[in-house]
1. Have a look at the range 28-73 and give its Rg and Dmax from the Cα atoms, expressed in angstrom.
2. If each DSSP helix of 4+ residues adds -39,500 (n - 2.57) and the sum is divided by the residues in the chain, what number results at 222 nm, nearest 500 deg cm²/dmol?
3. Specify the angular offset, from 0 to 90 degrees and rounded to the nearest 10, of the alpha carbon long axis of helix 32-48 from the longest principal axis of the alpha carbons in the chain.
4. List the residues, sorted by chain then number, that are 5 or more residues from Leu58 or on another chain and whose placed amide H is less than 5 Å from its amide H.
5. Among Ser60, Ser44, what is the fewest-to-most ranking by other Cβ atoms within 10 Å?
Amino acid sequence: MTQNGDPLENALAERVNGILKDELLEKNHKNHKQAICNVSVAISTYNYQRPHGSINYLTSIEAHNMSGELKRR
């Protein structure tokens, strides 16, 4: 999230937010508790299951746990 709402200010955060919204979150939630649960599941999926092209199709957690330098595409 950015201070002034400009997506160019923090492109990485905006990219993550877009992926969470577009790919992982249901559009309608029955209630606030379900929404919180769905967001938690979406974040876990993003970090532990979703491969990322910019880090050689590793998951975020795999890249985080690597030792040494990670070569990006």
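All of the numbers you see were taken from the coordinates with simple rules; none came from a lab. Treat the numbers as computed from the prediction; the structure is a model and nothing was measured. Please note: Cβ atoms are built from the backbone with ideal geometry, for glycine as well, and neighbour counts cover all protein chains shown.
1. 14.2, 44
2. Working: 3 runs with 32 residues, N = 73.
That comes out to -13000 deg cm²/dmol.
3. 10
4. His52
5. Details: Ser60 17, Ser44 13.
Going from least to most buried by this count: Ser44, Ser60.
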